[in-house]
Amino acid sequence: MRSFHWFYQGVIAPLTVFIPLYYAFVNYHFFKLPQKILLWLLILSGVINAICTTLAYFYIPNLVFFHIFSIVEFDLLSIFYMLVFDRKWYKVFIPVITIFTVLGVINMVFIQNGSQFNSYTNSVSSIIIIIYSLLFLTKQNNTDVEVSWGTNSLNWINTGILVYHASNLFIFLFSNHLLKVDPGLVSKVWMIHDTILILEYVLFAIGFKRCKN
Amino acid sequence: MQKLTNDVLLLVVAGTGSIFLLVVSFILINSRSQNKMLLQRQQLQKAEIAHQKELLNAVIESQEAERKRVGRDLHDDVGTALSSLRLIIEMSKPTENERGHKAFITSTKNIIDKVIKDVRGISHNLSPTTLSYYGLVAAIEEHCNIINQSGKMEVKLENNAEITITSLNLSAATALYRVLEELLNNTIKHAGATTTMIGFDEQNELLLINYNDNGKGMVLNAADNKGMGMQNIESRLNNIGANYKINSGIGQGFNIEIQYKVKQMVD
C-alpha cells in the first residue's frame, strides 16, 4: 500500500504538468521561441517524472534521472532567458551554460553520484536562475511600459520560475542533511516542493494563456 | 529524536515559507508599480491627445474664420463697389456735356481704384507678398506701419538679427509673421496698449524674438481657457519647432520670448 506522500509526489504533482501543456497546445501558434523552449522543458519534465515514478514504483533507483534533468533544466531555462534578453547578453549566457553543464556532469559522475541527491547542482542552478529572473524584472520595468503587467505572458512565466527556484532553494540546500536527520522528514519536505511546483505550473499555464495578447 | 525532526521540519517550512512570501510580495509590489506607471503614462497621453485636438480645432476654426472674413470683404467691399460701378454705367447717357463726361470718368475711376485697393488688401491678408519678396522684417514693418498710421497704437520694431533672419525659410518666416500678426491683433483687441515693442536678436543659430506691450496683461494660469488666437500661436510655433515663454500678469503688460533655431542652409 503506497502512502499519500508517494501518491502526491509521484502522481498528482507530475500530472499537473498537463495544465500548462494544455494551454501550450491551444496557443502554440502564438508562441515565440522562448515559449517553445519552455514547452520542451515541460514535456521533458513530464517524461522524466513518468520514468522516475515508474522506476520508484518498482523500487528501482532513479536519482540519475534527476541529475541529468537538473542540468538540462538549467540549460533550457538559460536559453529561455538568453532569448528574452538582448543579443549582447549571449556572451554572458553561453559561458555560464557551458561551465554549469561541465560542473554538473562532474558532480553527477564523481561527487554526488547516483546514490545522493544532487543538492549542489540544484542549489547553484537555482541561485543563477534567481539572478536571471531578477535581471528580467529589471529589464521589464525599464522597457515594458506600454502594456499592463498581467497581459505580458513572460511576466507570469518569470514569476513561476522565480517563485519555484527562490522558495525551493532551502530545500535543495539542506536536502542531503535532512536525509541524515530523518529519511521520513525528506518526504514531508518534498511535499512542500511539489506544492510550489504545482503553483509554478499554474503560473506557466496563465503565461501560456496570455500568449494570445 | 522526534523533537529534533520536528524542529528541523519547522525550520525548513519557515525558511521556505518566508522566501515564498517575500518573492510573492516583491512580485505584487513590482506589478502594481508597473501598472501605476502605465496608468500615469496613459493619462499623460490622453491629455496630450486632447491638447492636440484643441490645437487642431483652433486651426480649423481660424481657417473657417479667415474664409468668412475673405467672403465678407469680397461681398461688402468689392461686390458693393462693382455694383455701384455697374449702376453708374447703366445710368450714364451719351452726352455732349464735357463736365458730365468728366464726372462720369472720375467716379468710375474712383470706384475702380477702390476695387483695386480692396482686392490688394484682401490678397495681402491672405498671403503678404512682401514676405516672400523682401522677408519677415519687411513684412512686419509694413504691417506695423499700417497700425501706426491707423493711430490705434504705436508699434516699434528693432532688428539686431540681420544675418540669422536672412537664413529663415519661407514656411518658418510665414509662421513667425502670422504669430506676430496674431499677437498685434490680440494687443489691439484686448490689451488696450498704447505702445508695443518687437525686437529681433540673434545668438549663434538662434533667432530671438521679443514681443512686449504695455497693455493690461493677462492671467497666465488659465491654460485651459486659452483663446483661439493663443492656441493658433502655440500651434504655429510648435509646428516649426520654436520654443516660447510668456510673461504676463494683470496690469503688467504682455511679453512673449520666442526662440527659433534657424536651420543652416547646406551648399
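Worth a mention:
- Scope the range A:129-140; condition out of contact with any Phe, Trp or Tyr (no Cβ under 6 Å at 6 or more places or on another chain) and open to solvent by less than 50 Å² (accessible area, probe 1.4 Å); matching residues: A:I129, A:I130, A:S133, A:F136, A:L137, A:Q140
- Take the conditions (1) modelled with pLDDT of 90 or more; (2) within 17 Å of the chain's Cα centre (by Cα); B:T195 misses just one of them, which is (2).
- Residue match in the range B:169-192 (condition: buried (at least 16 other Cβ atoms within 10 Å of the Cβ) and part of a loop (DSSP other than H, G, I, E, B)): no
- Scanning the range A:23-41 finds no residues that are closer than 14 Å to A:I198 by Cβ, open to solvent by less than 70 Å² (accessible area, probe 1.4 Å), touching a residue at least 40 places away in the same chain (Cβ under 8 Å) and not hydroxyl-bearing (S, T, Y).
- In the range A:147-193, the residues that are facing chain B (nearest Cβ under 8 Å) and within 20 Å of A:K209 (Cβ to Cβ): A:V147, A:S148, A:W149, A:G150, A:N155, A:T159, A:L162, A:V163
- Residue selected from the range A:159-185 under the condition more than 20 Å from B:M37 (Cα to Cα) and polar (S, T, N, Q), by the criterion farthest from the chain's Cα centre (by Cα): A:N176
- Scanning the range B:52-67 for residues being closer than 10 Å to B:S235 by Cβ and open to solvent by less than 70 Å² (accessible area, probe 1.4 Å) gives a total of 4.
- Within this structure, B:V12 fails the test of being of a type in the set (A, V, I, L, M), within 20 Å of B:I122 (Cα to Cα) and assigned to a helix (DSSP H, G or I).
- Hits in the range A:84-128 - residues which are open to solvent by less than 50 Å² (accessible area, probe 1.4 Å) and either outside any helix (DSSP H, G or I) or of a type in the set (A, V, I, L, M) (or both): A:V84, A:F85, A:V96, A:I97, A:M108, A:Q112, A:G114, A:F117, A:N118, A:I128
- Checked against (1) over 12 Å from the mean Cα position of the chain (by Cα); (2) assigned to a helix (DSSP H, G or I); (3) closer than 20 Å to A:N118 by Cα; (4) modelled with pLDDT under 90, A:I60 passes all but condition (2).
- Looking across the range B:140-168, just one residue is in a loop (DSSP other than H, G, I, E, B) and open to solvent by 90 Å² or more (accessible area, probe 1.4 Å), and that is B:K152.
- Residue satisfying condition, being within 17 Å of B:F200 (Cβ to Cβ) and of a type in the set (D, E), within set B:E181, B:E98, B:E90, B:E154: B:E181
- Hits in the range B:209-238 (condition: open to solvent by 40 Å² or more (accessible area, probe 1.4 Å) and at pLDDT 85 or above): B:N210, B:N212, B:N214, B:K216, B:R236, B:N238
- Contact map, the range B:73-94: residues that are under 13 Å from B:T108 (Cα atoms) and at pLDDT 85 or above paired with residues that are among the hydrophobic types (A, V, I, L, M, F, W, C) and open to solvent by 70 Å² or more (accessible area, probe 1.4 Å), Cβ distance under 8 Å, separation 6+ or inter-chain. Pairs shown: B:L85/B:I112.
- Qualifying residue in the range B:34-48 (condition: of a type outside the set (D, E) and away from chain A (no Cβ under 14 Å)): yes
- Filter result for the condition that a residue is at pLDDT 90 or above and closer than 21 Å to A:I206 by Cβ, over A:S153, A:S125: A:S153
- All told, A:G207 falls short of being closer than 27 Å to A:T101 by Cα and buried (at least 22 other Cβ atoms within 10 Å of the Cβ).
- Among residues of the range B:1-20 that are more than 7 Å from chain A (Cβ to nearest Cβ), those with a beta-carbon under 9 Å from a residue that is assigned to a helix (DSSP H, G or I) and among the hydroxyl-bearing types (S, T, Y) at least six positions away or on a different chain give the pairs B:G17/A:S167.
The values are calculated or read from the model by the stated rules, or taken from the named source; none is laboratory data. Nothing here was measured: the structure is a model prediction, and the numbers come from that model. FYI the Cβ positions are ideal-geometry reconstructions off the backbone, even for glycines, and counts take in every protein chain you see. Note: accessible area is taken over every heavy atom of the protein model, side chains too, but ligands, DNA and RNA are not part of it. Shrake-Rupley method; radii C 1.70, N 1.55, O 1.52, S 1.80 Å.
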